[in-house]
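Undergrad: Below is a structure I'd like to ask you about.
The values are calculated or read from the model by the stated rules, or taken from the named source; none is laboratory data. Small disclaimer: the values here were computed from a predicted structure and weren't measured. All Cβ positions, even for glycine, are placed from backbone atoms using ideal geometry, and neighbour counts span all protein chains on display. SASA here: full protein model, heavy atoms, side chains in, ligands and nucleic acids out. Shrake-Rupley method; radii C 1.70, N 1.55, O 1.52, S 1.80 Å.
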Amino acid sequence: MTEIFGIPTQALFGQLLIGLINGSFYALLSLGLAVIFGLLNIINFTHGAQYMMGAFVAWFLLNKTGIGYWWALVIAPIAVGIFGVIIERTMLKQLYKLDHLYGLLLTFGLALIIQGLFRNEYGSSGLPYSIPSQLTGGQNLGFMFLPNYRAWVIVFSLAVCLSTWFVIEKTKLGSYLRAATENPELVRAFGINVPRMITLTYGFGVGLAALAGVMAAPIYSVNPLMGENLIIVVFAVVVIGGMGSIMGSIVTGFGLGIIEGLTKVFYPEASATVIFIVMAIVLAIRPAGLFGTQK
Amino acid sequence: MLEVRGLNAWYGESHILHGMDFDVAEGEVVTLLGRNGAGKTTTLKSVMGMVGRREGAVKFQSKELIKLPSNAIARMGIAFCPEERGIFSSLNVQENLLLPPKVRDGGLDVGNIYELFPNLRERLKSQGTKLSGGEQQMLAIGRILRTGARLLMLDEPTEGLAPVIVQQIGRTIASLKRQGFTILLVEQNFRFAQTVADRYYVVEHGRVVDMVANTALEASMDKIHAYLGV
Ligand SMILES: Nc1ncnc2c1ncn2[C@@H]1O[C@H](COP(=O)(O)OP(=O)(O)O)[C@@H](O)[C@H]1O
Ligand SMILES: [Mg+2]
């Protein structure tokens with residue numbers, strides 16, 4: 001029987017895997033929040049509800065129309081993204097000139113309404129959503145058993161995160177986005193339709209949340225409150241990484257997932273709070289977050 | 001090329017421009033002179049559509065701009081180089097240079113811009129705001145030359161720069177003029193403005209109070225000094 005620091009490797013790697021899975025969702029969700037906050041200056045409290053909506057769209061597609069997981073990965077982010085675009089056009093855009101607080105209150109209120117509606121309709125016990133047939137089963141790696149679906153979630157979310165980072169940091173489109181984050185008036189005076197860019201950015205950030213929701217459906221089941229529980233941790237991740245930093249939110253998301261997983265192995269009592277402990281420490285030492293710059 | 005009539009502008013509640021009237025003809029270099037706070041920057045921003053509320057008439061190539069948003073105004077062929085330069089810190093020099101999209105044919109290509117400002121070529125991968133003040137000004141001017149805009153509005157391009165750089169910017173403006181660009185310049189540095197301008201408008205309290213042609217400059221020197229309070 002192999003052990004590391006007196007812990008069976010099976011347990012260690014098992015928790016590490018759970019940490020990476022959670023980290024994948026933290027990263028995807030905090031990335032969307034960071035992109036939205038950067039350009040819109042709005043802390044999108046509806047993010048958790050939009051994640052949940054992504055999962056529900058996948059569930060509807062499967063149960064009402066027979067459309068499976070792979071199409072849901074495409075359709076749900078677009079559908080929920082369009083919903084986001086409508087929210088931005090009709091409500092958020094009224095708030096840009098006001099304090100952060102108004103955006104936060106509006107999006108928080110919306111989250112409560114959306115979650116309330118879903119809960120009314122579907123209760124709070126989860127609806128099952130099964131793993132797509134191509135990804136059932138798993139690999140025996142010798143030191144642990146790796147379910148295929150979980151491996152897919154980690155690899156795919158990492159790929160989505162890195163592609164998003166690449167587009168924002170290395171492409172022309174991304175340079176518009178970065179510039180508009182700094183000085184939207186000037187970018188607009190160069191001839192770029194910044195309001196449209198803001199709308200699409202919100203739609204994109206929301207779409208990322210919905211994508212995470214689809215990926216989560218087979219793991220956590222589909223539940224009206226799935227986002228509410230997760231989003232609090234994700235906000236802690238965002239605070240630790242630093243508001244608005246793209247790479248920061250990716251690294252922090254995965255990193256904190258792992259830290260949380262390892263805490264479950266070494267000191268299980270603290271596993272539910274470790275992220276908030278890290279947050280408190282980071283806030284005390286670097287108030288702008290690990291990767292953030294003071295605005 | 002540009003005709004401004006009865007232009008009023010507000011920042012929130014404060015009424016800043018009180019009926020500006022002036023013209024810029026094609027190929028001219030026109031300078032707005034005036035004390036700090038007279039409303040020169042606000043005038044450029046109002047032409048560009050960058051202030052919250054404005055009224056009056058702003059015609060560019062006979063098309064009315066007053067109702068258009070700034071992105072549409074830029075697309076008509078007007079480019080603005082702000083007083084604070086507006087170099088983006090999250091973009092490197094090359095990205096800053098290539099940021100403004102082409103709105104018309106006939107802009108300079110990147111090679112021409114490097115000829116005007118050789119320093120930029122050496123620093124393409126540096127963070128935009130790591131450049132010296134003079135280099136940032138060159139970048140701020142250089143990037144609007146690519147767009148094909150025919151009217152360039154430059155807000156105090158020599159502010160705070162060393163004399164050699166001021167000369168370089170003066171040569172650039174002269175060269176742009178020879179290439180047929182129309183330039184609306186804001187300058188506090190009257191000695192600099194003298195070397196490039198065809199005409200001057202004096203701005204006071206959000207109004208044009210006088211116009212002086214470069215040919216009449218010597219005769220008007222005392223008057224101008226009185227306006228500027230120097
Ligand atoms: N963003 C702003 N909000 C409110 N007032 C402003 C703003 N910008 C400039 N002002 C005021 O408008 C007046 C004209 O400013 P400005 O156009 O910058 O003058 P100039 O460029 O001639 O020095 C000044 O009194 C200034 O205080
Ligand atoms: Mg000024």
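Undergrad: Would you please list the contacts, defined by Cβ atoms under 9 Å and residues six or more apart or on different chains, that run from a residue in region B:155-184 that is within 14 Å of chain A (Cβ to nearest Cβ) and more than 15 Å from B:I113 (Cβ to Cβ) to a residue that is open to solvent by 20 Å² or more (accessible area, probe 1.4 Å) and within 16 Å of ligand 2 (Cβ to nearest atom)?
TA: Listed pairs, sorted by first residue: B:D155/B:T41; B:D155/B:K45; B:D155/B:E83; B:D155/B:E84.
Undergrad: Could you list, in sequence order, all residues of region A:142-160 that are over 28 Å from A:L225 (Cβ atoms) and in contact (Cβ under 8 Å) with a residue 40 or more places away in the chain?
TA: A:F143, A:M144, A:L146
Undergrad: Against the condition surrounded by fewer than 16 Cβ atoms within 10 Å (Cβ to Cβ) and within 16 Å of ligand 2 (Cβ to nearest atom), how does B:E55 come out, does it pass?
TA: no
Undergrad: Restricting attention to region B:19-38, and to residues there that are farther than 22 Å from B:Q194 by Cβ and surrounded by 15 or more Cβ atoms within 10 Å (Cβ to Cβ), which single residue is nearest to ligand 2 (Cβ to nearest atom)?
TA: Among them, the one singled out is B:M20.
Undergrad: So, one more: Can you go through A:V194, A:V274, A:V222, A:V214 and tell me which one is open to solvent by less than 30 Å² (accessible area, probe 1.4 Å) and under 15 Å from the mean Cα position of the chain (by Cα)?
TA: A:V214 is the lone residue from the list that is open to solvent by less than 30 Å² (accessible area, probe 1.4 Å) and under 15 Å from the mean Cα position of the chain (by Cα).
Undergrad: Out of region A:85-102, which residues are in contact (Cβ under 8 Å) with a residue 12 or more places away in the chain and closer than 20 Å to A:M52 by Cβ?
TA: A:V85, A:I87, A:E88, A:M91, A:L92
Undergrad: Somewhere in region B:82-91, is a residue buried (at least 21 other Cβ atoms within 10 Å of the Cβ), within 16 Å of ligand 2 (Cβ to nearest atom) and of a type in the set (F, W, Y)?
TA: No; the residues of region B:82-91 include none that is buried (at least 21 other Cβ atoms within 10 Å of the Cβ), within 16 Å of ligand 2 (Cβ to nearest atom) and of a type in the set (F, W, Y).
Undergrad: Let me ask another. Of the residues that sit in region A:41-73 and are in a loop (DSSP other than H, G, I, E, B) and of a type outside the set (A, V, I, L, M, F, W, C), which one is surrounded by the fewest Cβ atoms within 10 Å (Cβ to Cβ)?
TA: Filtering region A:41-73 for residues that are in a loop (DSSP other than H, G, I, E, B) and of a type outside the set (A, V, I, L, M, F, W, C), the one surrounded by the fewest Cβ atoms within 10 Å (Cβ to Cβ) comes out as A:G66.
Undergrad: Identify the residue in region B:163-185 that is under 23 Å from B:N96 (Cα atoms) and aliphatic (A, V, I, L, M) and, among all such residues, is most open to solvent (accessible area, probe 1.4 Å).
TA: Among them, the one singled out is B:I165.
Undergrad: Another one. Does region B:2-16 contain any residue that is open to solvent by less than 30 Å² (accessible area, probe 1.4 Å), within 14 Å of another protein chain (Cβ to nearest Cβ) and within 16 Å of ligand 1 (Cβ to nearest atom)?
TA: For region B:2-16, residues open to solvent by less than 30 Å² (accessible area, probe 1.4 Å), within 14 Å of another protein chain (Cβ to nearest Cβ) and within 16 Å of ligand 1 (Cβ to nearest atom): absent.
Undergrad: Suppose the filter is farther than 30 Å from B:I66 by Cβ, more than 9 Å from chain A (Cβ to nearest Cβ) and either open to solvent by less than 60 Å² (accessible area, probe 1.4 Å) or without any contact (Cβ under 8 Å) to a residue 60 or more places away in the chain (or both); does B:L97 pass it?
TA: yes
Undergrad: Only one of (1) open to solvent by 30 Å² or more (accessible area, probe 1.4 Å); (2) within 14 Å of another protein chain (Cβ to nearest Cβ); (3) more than 22 Å from A:L39 (Cα to Cα) fails for B:S46. Which number is that?
TA: (1)
Undergrad: While we're on this one: Only residues in region B:31-56 that are within 21 Å of B:G229 (Cα to Cα) count as the first member; pair them with residues that are within 13 Å of ligand 2 (Cβ to nearest atom) and open to solvent by 40 Å² or more (accessible area, probe 1.4 Å), Cβ under 7 angstrom, at least 6 apart or cross-chain, and list the lot.
TA: B:G39/B:I16; B:T41/B:E83; B:T42/B:I16
Undergrad: Now for a different question. Of everything in region B:61-85, what is within 8 Å of chain A (Cβ to nearest Cβ) and assigned to a loop (DSSP other than H, G, I, E, B)? Give them in sequence order.
TA: B:P69, B:P82 - these are the residues of region B:61-85 that are within 8 Å of chain A (Cβ to nearest Cβ) and assigned to a loop (DSSP other than H, G, I, E, B).
Undergrad: Still on this model: Output the number of residues of region B:138-184 satisfying the condition of being touching a Pro at 6+ places or on another chain (Cβ under 6 Å) and within 16 Å of ligand 2 (Cβ to nearest atom).
TA: Qualifying residue count for the region: 1.
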